[in-house]
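Computed from the coordinates by the stated procedures, all read-outs in this text should not be read as laboratory data. Please read these numbers as outputs of a predicted model, since none were measured by experiment. Quick reminder, even Gly has a Cβ in these numbers, built from the backbone with ideal geometry, and neighbours come from all protein chains shown.
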Amino acid sequence: MAALAAVSERQKAFELLRARLSAKPPALPVEGLIRTAIPELDLLLGGGFPAGIVATLEGNTGCWSLAAGLVARTTRRSLVAILDDGSLYPPTLAQAGASLERVLVVPVRKAVAIARAADILLRSRICRLVLMPAVALRDVVWTRLASLAHRSGVLLIVIATHAGAALQSAAVVRLHCVLERIITHGQRGLWGTIAGFDLCVDVRKHKYLAAGRTACVRVGHEEIFDAALP
Amino acid sequence: MPPELWEEMLDALDAVSPLVDDVRPGLAFLDMHGISGDAPMWIAQTHRTLLRFGCALRTAVGANKIAAWAALHVADGSRCEPGAEGELLAPLPLSLLEIDPATIERLRLLGIERLGDLARLPHGPFVRRFGAAAASWHELARGIDRRPFVPRGHAVAIEASIFGEGRAADETQVFFALRMLLARICDDLERCGKRAGALRLAVELEDAEACTLDVPLATPTAHERTMFDMLRAKLEGMTFAAAIVGLRLQALQLEEGGEAQALFCADDLDPQRVAVTIARLEAALGAGISRAQTRDAHLLEERFTYEPFEPPPRAMLEKNQTQSELVPQLRLLEVREVPVLLRGGEPAVVDRQAVSQCVGPWRVAERAYTSSPLSRDEYDVVLENGTFARIYRQGSHWYLRGVYE
């Protein structure tokens, strides 16, 4: 009886060990990481976004601000393409440090056209980063885009308020942004400025790292923050 | 003189001498060394050759450019004998040397009005006073011309065509024909040691219609695959009403020499690939691919413009050292009127959402002296649902302009 209990204990320990080992994510490829220029986010992602994947930035506020930082960093050495549904505002992108002359703005509004443009850009490999708004596409289209991104080594960032099931499964990295607080500078009214905001970014999915990790990111002009915060 | 007419005249002058120095429209020098005949015969032949163009023509003969130019000013058909250049030039005005008017005025104040006066000046002091260009003027005034004779390049027409060999009703057949034409064109380019900066494709249809397609290449090339990719990308966006019965392909903007290549160029940006991708995107979407430029303006919407995206040069993109900063990104929305409730003169409820924070107003007044003046007050508001928006009041109406994301 005691021997049976010992076997059972060993089996439990073995099962536990196996569960822990299988839960361990595959090693993060260090080469080809695309750094975001946001130290908190780079730390959260283990150095940056892996190249050649589909990643999502989800949430109501902050996604484009994070994406702009990534664009600014990437345009230092290569081209970036933005599939624009008409809402892009280049002056704030330039304020973020992006070289606008290295940003291809592709005007597209329909879902099919967005998918087609992303397809052409991924296959061409002229850009290291492609940004697109989330649109309703079939699973097979997301899978195709993911495989094209993988083959070409281009990072495809999809910006969504909420990612659909098809996009969720195609994405290798999913980040979710939640607005923590707004920071104002000066008094209310004419002499006030909204200095920026604090974002809480959590990793909802990561192929190479454990999900559920969180980071706080501050978005705004540093000099205004310095003046706004005690 | 229209440039096309001048080019035609220069082409015609090839019959008089193979070496023609095209100085500017209306003026050319011909090198007559080794051409049989004498000066009167050459002048007569030149007149006969250019007679059909119906232009007023003056010709003269000299041992060098300045001698011929001076003889031309003396009389049409005159000749400057070798050694007599100084004598011929002496009574002519300073403007013959194309000296700038300010310098001519300075020289005139010094009593120098003719080329003979200039030639008599001591070379060293004159050059020290009037600069390096004065050395050339002094020599020219004495009939010494060291300017090189630069023969114009002869236009090489590189083209290939297919006509009367059946009809192409689907794109595969057209692409096959294009490959054949491109192979011939690239062979010719290689043979001439040239690269093409653009292609022109003329398409003839079965219904007697014809269209021409100009395809600029990002950098001049003689590479068949690159040219084919560009042509295919352009054709992908076109539809033809009838079957194609003829194709003519021309290589344009020919340049000398080969294409620069780098040994370690794996990470280099290839402008041809960018150009092909842009052409493909434009064909697929029917819209131009652009890049943004910012500019100073009061209105949000006018603080940027778009211009066609141009591929950067082949060399690896230089590292841009601009500091990046996380900045709230404004996203422009379709302008729509929103209901706003005010409290104490400030927005308190926007689009049925309570305002938790509000800054502004910032007044923008534009076109005050026009028939359509514009004045609006802009606010940044944070709503209770977390939306961070830019709204504005124009007259008595409120509008949502964009949200910060």
For segment B:224-235, 3J(HN,Hα) per residue [Karplus equation, 6.51 cos²θ - 1.76 cosθ + 1.60, θ = phi - 60°, Hz, x = Gly/Pro]:
4, 5, 4, 5, 5, 4, 5, 5, 5, 4, 5, 6
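Count the lysine pairs in the protein assembly as shown whose Cα atoms lie under 26 Å apart, taking only pairs 8 or more positions apart in sequence or on different chains. Spell out each step's value before the answer.
Numbers: A:Lys12/A:Lys24; A:Lys24/A:Lys205; A:Lys24/A:Lys207; A:Lys110/B:Lys234; B:Lys194/B:Lys234.
Final tally of qualifying lysine pairs is 5.
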Evaluate Rg over Rh across chain B, taking Cα atoms for both radii and Kirkwood's formula for Rh.
1.16
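Enter the mean number of other protein chain beta carbons within 10 Å of the beta carbon of each residue in A:73-85, as an integer.
3
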Using a 10 angstrom cutoff on alpha carbons, build the Gaussian network for chain A and name the most mobile of A:Pro91, A:Pro50, A:Pro133.
A:Pro91
As a Kirkwood estimate from alpha-carbon pairs, segment A:94-230 has a hydrodynamic radius in angstrom of 17.4 Å
For A:Phe197, what charge total do you get from the other residues with a beta carbon under 12 Å from its beta carbon, if Lys and Arg give +1 and Asp and Glu give -1?
-2
Could you please rank B:Arg376, B:Arg363, placing first whichever residue has the fewest other Cβ atoms within 10 Å of its Cβ?
B:Arg363, B:Arg376
Segment B:2-58 and segment B:171-189: distance between their alpha carbon centers, rounded to Å:
38 Å
If each part is reduced to its alpha-carbon centroid, segment B:62-109 and segment B:323-385 end up apart, in Å, by 72 Å
Would you please put B:106-115, A:120-129 in order of how densely packed they are, using the mean number of other Cβ atoms within 10 angstrom per residue and starting with the highest?
A:120-129, B:106-115
Output the direction-averaged projected area (hull surface divided by four) of the convex hull of the alpha-carbon atoms of the protein assembly as shown, in nm².
50.2 nm²
Taking segment B:330-404, the equivalent ellipsoid from its C-alpha gyration tensor has semi-axes in Å, biggest first, of 22, 13, 11
For A:Gly196, which sequence-distant residues (separation of 5 or more, or a different chain) have an amide H within less than 5 Å of its own amide H, given hydrogens modelled in the peptide plane?
A:Ile183
Scoring chain A by relative contact order with C-alpha pairs under 8 Å, at least six apart, yields a percentage of 22 percent
Debye log10 I(q)/I(0) at q = 0.13 Å⁻¹ for chain A, Cα point scatterers:
-0.79
At q = 0.11, 0.13 Å⁻¹, base-10 log of I(q)/I(0) for segment B:1-105 (Debye sum, equal scatterers on each alpha carbon):
-0.37, -0.51
If you average the C-alpha positions of segment B:202-230 and of segment A:138-214 separately, how far apart do those two centres end up, in angstrom?
43 Å
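Inside 10 Å of the C-beta atoms of B:284-295, what's the mean count of C-beta atoms belonging to other chains?
Across B:284-295, the average partner-chain Cβ count within 10 Å equals 6.
Return the calculated 222 nm mean residue ellipticity for chain A, to the nearest 500 deg cm²/dmol, obtained by summing -39500 (n - 2.57) across DSSP H runs with n ≥ 4 and dividing by the residue count.
The per-residue figure over chain A is -11500 deg cm²/dmol.
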Max mean-square fluctuation residue, GNM over chain B, Cα-Cα springs under 10 Å, options B:Leu121, B:Leu281, B:Leu30
B:Leu121
Please give the average number of partner chain Cβ atoms lying within 10 Å of the Cβ of each residue in A:60-68, rounded to a whole number.
6
Kindly put B:Tyr379, B:Tyr404 in sequence by how many other C-beta atoms sit within 10 Å of each C-beta, fewest to most.
B:Tyr379, B:Tyr404
Calculated from DSSP helices alone, with each H run of at least 4 adding -39500 (n - 2.57) and the total divided by the residues of chain B, [θ]222 nm to the nearest 500 comes to -9000 deg cm²/dmol
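Please identify the helices of chain A, taking whole runs of DSSP H, that span at least 30 Å along their own axis as judged from the Cα atoms and have a mean Kyte-Doolittle score of -0.5 or higher. Walk me through the intermediate numbers first.
Working: long enough: A:2-23 (31 Å, 0.24).
Both cut-offs are met by A:2-23.
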How do B:Thr212, A:Thr74, B:Thr226 line up, fewest other C-beta atoms within 10 Å first?
B:Thr212, B:Thr226, A:Thr74
